[in-house]
Every structure is written in C-alpha cells, then in structure tokens.
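Asks: A single structure is presented below for examination.
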Amino acid sequence: YIQKLNEALGINTQQFMQYSSLYGSLIKGFGLSQEKTTAIAIGSTELTYDIWAAYNDRYKTLEQASEAVRSALTGELEPIRNAGVSLSMASMQEYLDGLGMAHIKMENLSDADKVQVRYATMVNAAMSQGIVGTYASEIQTAERCYESEDICGYVAPREILCHRHAYF
C-alpha cells in the first residue's frame, strides 16, 4: 500500500511509515484492536498530509499538521481548530446523532470509543470541507491516483462511517 502511495504521489515511504507508527502507538494505548489501530493510524497519516496541503498557511510543516491530528485524537481541541475542525463533545454528539446514533452518548463512551469518534469526526469534517485528496491534487502524478481505488481515499473512514455500529 505504502509503495503504491510512493509511486503515485511521491510520498516518502519512510516518513509515511514513521507517522503511521506514531499514530498506531498512540491509538493502541487506548485499547483498540490491532485491526482498528492500523486502519485509524493509516487514515490519520493520510489525513495529516491532506490537512498540511490544504492549510499550509496555518501548518507550516507536516510535523505541525501531525501534532494537530495527534492532539485531536487524544482529545485536545485547539490545534485542530486551525483546520476548521471542532471536536467538542457537543459537535461529536451532533455527528453521532446525524448518523442515526442518538442513543449513544459521548459522555458514556469509553476512551477507545471516543478516539474512534474523534477520528471519524475529523474525517467527516475534511470530507465536508473538500480537502480529502488535497495532497494528491498538488502532486504532478495525482491523475494516476484517482484511477485506482486501492490507493485513493481513506480506507479507515469507509469502515467507520459506513459500518456505523461496528465499533459501538
């Protein structure tokens, strides 16, 4: 997968793996399964690249965008607000309600469940803002990317957003 990203987008595979590993370690600490951890770690890395590309006036480096995403996953609200993402309890509850999950209350969720809702809310905000794929669109070889489902879009959000009840 990472090799395909490198070929299509010129993404530094070592850097991508570093960020994915960093997110994976953080997420695993919340007690998620390896499968969920991997999906969210890779999706968070992809999201980081898109946030950096879309908001490079606010996040001057990829590391700054990564810090915002890492902070958001742990529940720190401020750094990700520069990308127009609100992760307040109320906004996340609104997100769940919009998915038809009003019976699930944020205050009753475990930390593991909350990290999944934070992640899904960030991805939803990125999709709403139209920044998904921003990094790819700024790369010369992006046209090849959009021809292949295997390397485009976010793998994890499809699971989380489409199979709403799988994680709760």
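Asks: Which of rounded, prolate, oblate describes segment 33-88, given a ≥ b ≥ c as roots of the alpha-carbon gyration tensor eigenvalues and a/c under 1.5 marking rounded, otherwise prolate only if a/b is larger than b/c? List each step's numbers first, then the result.
Replies: Values: a/c = 2.41, a/b = 1.43, b/c = 1.69.
Judged from the Cα gyration tensor, segment 33-88 comes out oblate (a/c at least 1.5, b/c at or above a/b).
Asks: Sticking with this structure for a sec: Rounding to the nearest 20 debye, state how big the charge dipole of segment 9-113 is about its Cα centre with +1 on each Lys and Arg Cβ and -1 on each Asp and Glu Cβ.
Replies: Once rounded to the nearest 20, the dipole reads 180 debye.
Asks: Now, a different point. Suppose accessible area is computed on protein heavy atoms with a 1.4 Å probe; arrange 30, 16 from highest to lowest.
Replies: Numbers: 30 55, 16 0 Å².
Descending order: 30, 16.
Asks: Now for a separate question. Mind checking the dipole of segment 72-127: about its Cα centre, +1 per Lys or Arg Cβ, -1 per Asp or Glu Cβ, Debye to the nearest 20?
Replies: With only Lys, Arg, Asp and Glu charged at Cβ, the dipole is about 100 debye.
The values are calculated or read from the model by the stated rules, or taken from the named source; none is laboratory data. Everything numeric in this text was worked out from a predicted model, so none of it was measured. Glycine gets a Cβ as well: all are built from the backbone with ideal geometry, and neighbour counts include every protein chain shown. Each accessible area value is taken on the protein alone, full model and side chains, heavy atoms only, with ligands, DNA and RNA left out. Shrake-Rupley method; radii C 1.70, N 1.55, O 1.52, S 1.80 Å.
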